[in-house]
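Here you go, one structure.
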Amino acid sequence: MDCLFCKIASGAIPVEHLYEDERVLAFPDINPQAPTHVLVIPKQHISSHAEAAAADTDLLGHLLWAVGEVARAKKLDGGYRLVINTGPDGGQTVDHLHIHLLGGRAMHWPPG
């Protein structure tokens, strides 16, 4: 598979590991949009949120839990934003489900 995030998850492309367990990996975004901008990915390839199946429910819950662990470790006590871009119209540029954790500054609404 020629998936950038699968290569990162397998260790073929090195990144700074901010959190890792047997199911997920968190690492800094290379193009940060906030003082804290972390990507949290499942190690299992799921191309997008729209492609997640009922069988992925437990993994999706674990993914959200892991984001919370990263937010606590980053001391984002004032709050943070989670973003899942899905599909081309949603701004998804890597076809592997991932959550953007943004924090370290006030977030505004609407986002974009």
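I need the phi-derived Karplus couplings for the range 48-63: 6.51 cos²θ - 1.76 cosθ + 1.60, θ = phi - 60°, integer Hz, Gly and Pro marked x.
6, 4, 5, 8, 5, 9, 4, 5, 8, 3, 5, 5, 5, x, 5, 4
Nothing charged except the Cβ atoms of Lys and Arg (+1) and of Asp and Glu (-1): what's the magnitude of the dipole of the chain about its Cα centre? Round to the nearest 20 debye.
420 debye
How far is the Cα center of the range 69-100 from the Cα center of the range 2-18, in Å?
Taking the Cα centre of the range 2-18 as reference, the centre of the range 69-100 is 17 Å away.
So, one more: In Å², what does the accessible area per residue of the chain work out to with a 1.4 Å probe?
Using a 1.4 Å probe on heavy atoms only, each residue of the chain averages 59 Å².
Sticking with this structure for a sec: DSSP loop GluC sites (Glu not before Pro) in the range 1-96 with at most 15 other Cβ atoms within 10 Å of their Cβ, which ones?
The qualifying sites are GLU16, GLU22.
Give the value in nm², to one decimal: projected area of the alpha carbon convex hull of the range 40-112, averaged over all directions.
For the range 40-112, the mean projected area of the Cα convex hull comes to 5.4 nm².
Grab every C-alpha pair in the range 1-71, bin the distances at 10 angstrom width from 0 up to the longest one, and report whole percents.
Cα pair-distance distribution for the range 1-71, in percent: 19, 52, 29, 1.
The values are calculated or read from the model by the stated rules, or taken from the named source; none is laboratory data. Here the structure is a predicted model, which means the values were calculated and not measured. In this analysis, Cβ positions are derived from the backbone assuming ideal geometry, glycine residues included, and neighbour counts consider all displayed protein chains. The protein model used for the area step is the full one, side chains on, heavy atoms only, and it has no ligands, DNA or RNA in it. Shrake-Rupley method; radii C 1.70, N 1.55, O 1.52, S 1.80 Å.
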